[in-house]
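Have a look at the structure below, then the notes.
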Amino acid sequence: MSDSTAVANGAVADAHHHHPSYQRHHFETVEQQFDATNFAMWLFLLTEVMFFGGLFMAYLLMRNWYYQAFVEASHQLNIGWGTANTAVLILSSFTMAMGVWSAEMRKKKLLLLFLGLTWLLGMAFLGIKSIEYTEKWEKHHVPGLNWSEASFLNPASDPEVHEKYPKDQPLSADMASKTEMYFFLYFAMTGMHALHMIIGISILTFMIIRARSGAYTNGHVTYVENFGLYWHFVDIIWIFLFPLLYLISRY
Amino acid sequence: MSEQHNSHEENEHHIVSPFTYLAILLALLGFTGLTVWMSFIDLGEWHITHGVTLFWNPVVALAIACAKMTLVVLFFMHVKYSTKLTKLTVASGFFVFLVLISMTLTDYMSRAWGRW
Amino acid sequence: MSDDSNVNLPDQSTARIPKMNFLTKENGLLSWLLTGDHKRIATLYLISITFFFFIGGALAGLIRLELLTPQSDLMAADTYNKVFSMHGLIMVFFFLVPSVPATIGNFLMPMMIGAKDLALPKINLLSWYLYIVAGIMMLYTMAIGGVDTGWTFTTPLSTHYLNTHVISAGLAVFVAGFSSILTGLNFIVTIHKMRCPGMTWFRLPLFVWSHYAASILMVLGTPVLAITLVLVVLERTVHIGVFDPSLGGDPLLFQHLFWFYSHPAVYIMILPGFGVISEVISTFSRKRVFGYTAVAFSSVAIAVFGFFVWAHHMFIMGISNYAALVFSLLTMLVAVPSAIKIFNWAFTLYKGSITFETPMLYAIGFMGLFTIGGLTGVFLGSTGTDIHLTETYFVVAHFHFVMVGGMLMAFLSGIHFWWPKWTGRMYPEKLSQLAALVTFIGFNLTFFPQFIVGTLGMPRRYAAYPPEFQVLNVFSTAGATVLGVGYLLPVLYLTWSLKYGAVAGDNPWQATGLEWQTQSPPLTENFPVIPIMDHEAYDYEWLERQKQKEVASV
C-alpha cells in the first residue's frame, strides 16, 4: 500500500505533452490559468473597493456635518487642473485598453506605443497633482503641517479665489476649523489614489521592458489584461474623487 | 501554440474593437464636461419631509460618476463580455460597499432627526 | 479491528512511510523557504501559529495569575492592560484567524477538490511571509512596551489618551490582515477554478464550503480593517481629527469601521472550524452529514448575514436607539444558520455507528461548548440584557466559549484527524484521549465561573475587582492551569509521534474524501493523475466498493 491509488480509472490521462512555456504545472490548460488569474485580479479589486470604502464613509459623514466648510474649502481646488486630470486618466484608460487589444492582436510595436502612452499620461497625472499639492503647501492648506484657516475666516484675504467665488461668506471660527477636515480627507483620498498610481506606473515600467522582448505578444496576454483591470480601477476611483472633492458646489 | 483561432484571448473569446473603445472614450469625456458644467448650476432641492431634504446637485454628480464607472467596467474592463462569475463578483463588491455605507448611516441618520 | 474503534491501520511489521512524499521530495532550508507546495506552506504555518499560540497562552497565564487576588498586586494596572491587550491581539490575529484555514485548509483543500495545488502558489507563500513579518512587528511591539488599548484599539483612548505603541501594533495588524486577504483570495479562486472533473459544487466536502464562506469574509471585510488602522495611525501622527470630537470628528466612526471587519472576523475564525466538525462527525458516525445542502447554504448565509450585524458590539457606545434596534434584530437572524448546523450534526449522529477516537471527542466537546457559547451570544444580542452584561466577564466567557471551547477544539480535532495524512504517523490514542478530557475539564473550570461572575457584575479589563468575586476567580485560574496542561500534552505527543508513532497508511479512519485516497504523507503533486469525481460526498457505500476492488496485499 505504498503507492497511491487513483480515485477512479480513466482519469485524465493525456496530461503533459505540449503546453505553452508560460503555463504553470498545477494548471491543466492555459484557459484555466487565464481564468484563474483573471478572477484573482477581480477579487483583489474587490479588496481595493472595500479599502477605499472606509475613506468614502468618513468623507460622507464629514461632508454632511460640515457642508459649508466643505463647499468653501473645495473652492480652493482649481477646477481646471481637476478636469484636466480627469481627462488625462480617462485617456490613459483608453490607451491601456488599446494596449490590451494590441497584445491580443500580437502587435508588439502597437503594444509598446500604447503602454508608453499610458505611462506618459500617468506621469502627467502625477505632475498635475504635484502642482496642486505644491499650491496647497504655499497657501498653508496642508493639515497638521502648516495649516492656516485665514482664507476661510476672511475670504477677502485670498484674492485669487475670492474673485471667482465672491458669494463665499467668512465662516464662523467653529465652521472654519472644519475646513481642515476637508483638506485632511482631500490629502488622504487623493494621496492614497496617487500611491496606487505610483505603484501602477512602476509595474507599467517593468511591463514595458518585458513587452520589448515579446513577452506579451506570444499569446500570453494575462499580465497585460490583468494589469489593465488594475489601471481602470484606479481610474474609476478618480472618477468618483473628482466630483466629490472638486465639484461640491460651484454656483 | 497548436490550437489557435482565439484560444488565448479574453474570457469569452471576444476581442473588443478599437472603435468601441473610441466611442467609450468620447462618451467618458463628454460626461466629464457635463458634470463640470452642472456643478455651476443650482439644481435646487426636494423637501421630502420635515427636516429631510434631498439636494439634486450631488445626486446628479454621483449619477454621472456612476454612469462613467459603468462604461469603464463594462467596456474597458470587458465585463460585458465576461462570464457570469465575473459579473457576480463585481456585483458583490458593490453590494458589500453599499452595506457598509447604508448600515452605518442607519446610526448617523437616526441620531437626531432633522439635523442630519 | 474491534467494533468500538474506527481505526484501520496497515500491518505494522511491513508498513513503511512512502519514500517519496512532499516532505522528502527536496531537502534544504531554501526548498522550504521558497516552496510553492501548499502542503509545505501549511507546515510552515502550523509551526508559526503554534509558536504564537503559546505566547498568547503565556499572556493568558499572567492574566489569570493577576486575577487570583482582588487587588492589582502582581503587576501595575497599566501593565495588566498591556497583558490582556497583547493576549487579545496575538490570539485573534496570529492564532485564531489563520488557525484552520492557513494550516489545515492550506494542506487539504486542493486535495479535497482533486487539484495539484492552490491556484496561486506564490501568493500562498507571500501570505506566510506577510504573517511572519507581521508577527515580528507584533513581537517588537511587545518588546518595546506593548499596547494597552485592548485588542479593539477603541478611540479616542487609542488616538488621544495613550502614549503606548499603538502605531506599531496597528501596523503589525495591518500586515497580518493582508496575509489573511491573500489566503482567502487564493481559496476562492481555487474552489471556483481548480475542481477536478466531476467535482460539482454539491459533491464538495463541507470543509470546502465553510472555507469558501470564510474566504469571502476575509476578502471583503479585512480591507476595511486595513483602512481603519491607517486612519488611526494618521490620527495619532498628524491629528487629522476624523475621530476627535474637538476637531469635528466622531470616535464612533472608528468603531463602525473597526467592527465592520471584526464582526465578520469572528465568522472567519469559526467557519473553518465548522468545516472540520462536519468531516469528523461524519467519519466517526460512519454516516453522511445530515442535510448536506442545509449545512452548505448555512455557511454562505453566515457569511452574508455576518456583514449586517456589527453594531451589536456598540450598543452602549452611543449609537442611536433605532440603529440598535435594527442591528439587534439582525443579530437574532444570524444565530439561525449556526443553529441549523448544530441540529444537522446532531441528526448525523442519530443512528450512526459512533466511535470515540480523539478527533470525535473534541468534536462532541465542540458541539456542547459552542452551543453554550452561541446561546449566550443571544443574551448579548438583545439590547436590554446587553446593557447589563456588556463589558463584564459575561462577554469574556461568551467569546471564550465559542472561540476556545469551539474553535480551538475544532482545530485540535482537525489536527488529530488529519495528522496521519500529514505525517504518515498515528498519534498515541490513549494519551490523546486523556489530553482531550483534561482540556474539556480545564476549559469548563476556567470559563464557566466567568459567566457567573460577569452576571454578578465583575467588569472586564480591570486588574482589580471587588473581593466578593475572588472565589470564582480562583476556580477560573485553577482551571486555566489544567487547561494549560491539556494544551501542552498534544505538542509533546504529536512531536513524539513523528518518530515513534504507528505507520498510518492511506486511510486509517476509513474516511471518504479524495485526500484519503492518496498516500500518507501525500506526494508533492497530490495526485499522479488528476482524479475524476464520480460519487457524492460522504458516500460510505462507494468506499466499501473501493475496498473490495483493492488488492489485499502486495
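Derivation of every value follows stated rules applied to the coordinates shown; laboratory data play no part. Please read these numbers as outputs of a predicted model, since none were measured by experiment. Cβ atoms come from the backbone with ideal geometry, glycine included; neighbour counts cover every protein chain shown.
A few remarks follow.
- Residue-span extension gain [C:Val474 to C:Leu456] - 0.36 nm each, minus C-alpha spacing: 4.9 nm
- Taking the C-alpha atoms only, the angle from helix A:30-65 to the longest principal axis of chain A is near 10 degrees.
- Remark: spin-label model distance C:Ala143-A:Ser157 equals 4.9 nm, labels positioned 7 Å along the Cα→Cβ axis.
- Per DSSP, loop trypsin sites (Lys or Arg not before Pro) in segment C:1-68 with at most 16 further Cβ within 10 Å: C:Arg16, C:Lys19, C:Lys25
- Fewest-first sequence of A:Ile209, C:Ile342, C:Ile90, A:Ile248 by Cβ atoms within 10 Å of each Cβ: A:Ile209, C:Ile342, A:Ile248, C:Ile90
- Across segment A:89-134, the volume of the C-alpha convex hull divided among the residues equals 41 Å³ per residue.
- Computed from the C-beta positions of C:Ala339 and C:Thr293, the FRET efficiency with R₀ = 22 Å rounds to 0.85.
- Distance between the C-alpha centres of segment C:211-265 and segment C:401-432: 35 Å, rounded to the whole angstrom.
- In the protein assembly as shown, the calculated helix contribution to ellipticity at 222 nm averages -21500 deg cm²/dmol per residue, counting -39,500 (n - 2.57) for every DSSP H run with n ≥ 4.
- Between A:Leu60 and C:Thr69, the simple label model (points 7 Å from Cα in the Cβ direction) yields a spacing of 5.3 nm.
- √(5λ) per eigenvalue of the Cα gyration tensor, segment B:15-80, largest first, Å: 32, 14, 5
- Along each principal axis, taking the top coordinate minus the bottom one, the Cα set of segment C:287-329 gives 49, 14, 13 Å in descending order.
- The lysines within cross-link reach of C:Lys351, meaning a Cα-to-Cα straight distance under 22 Å and a gap of 8 or more places when in the same chain, are C:Lys287, C:Lys341.
- Treating each Cα of segment C:13-149 as an identical point scatterer and summing with the Debye formula, the log10 of I(q)/I(0) at q = 0.09, 0.18, 0.19, 0.22 Å⁻¹ comes to -0.39, -0.99, -1.06, -1.27.
- Segment A:85-148 and segment C:481-510: distance between their alpha carbon centers, rounded to Å: 58 Å
- The lysines within cross-link reach of C:Lys19, meaning a Cα-to-Cα straight distance under 24 Å and a gap of 8 or more places when in the same chain, are C:Lys39, C:Lys116, C:Lys421, C:Lys499, C:Lys547.
- Computed E for A:Ile208/A:Lys107 - FRET, C-beta separation, R0 22 angstrom, nearest 0.05: 0.90
- Spin-label model distance (nm) - C:Asn163 vs A:Trp147, 7 Å beyond Cα toward Cβ: 2.1 nm
- Placing unit charges on each Cβ (+1 for Lys and Arg, -1 for Asp and Glu) gives the protein assembly as shown a dipole about its Cα centre, and among C:Leu229, B:Tyr21, B:Leu105 the Cα reaching farthest toward its positive end belongs to B:Tyr21.
- Pairwise Lys count, segment A:21-168 - Cα closer than 26 Å, eight or more residues apart or different chains: 6
- Chain C: angle of helix C:321-349 to the longest principal axis, Cα-based, in degrees nearest 10: 20 degrees
- Rounded to 10°, Cα long-axis angle of helix C:540-549 versus longest principal axis of chain C: 30 degrees
- Kirkwood Rh and Cα Rg combined as Rg over Rh, evaluated for the protein assembly as shown: 0.99
- Ratio Rg/Rh [Cα only; Rh per Kirkwood] for segment A:24-146: 1.11
- Note on chain B: Cα convex hull, mean projected area over all directions, 10.3 nm².
- In summary, the convex hull built on the alpha carbon positions of segment A:90-227 has an orientation-averaged projected area of 9.9 nm².
- Alpha-carbon geometry of chain A: the Rg and the Dmax are 24.5, 89 Å, given in that order.
- Cα pair count fraction exceeding 35 Å, expressed as % - chain C: 34 percent
- FRET efficiency, A:Ala84 to C:Ile132 (Cβ-Cβ, R0 30 Å, nearest 0.05): 0.10
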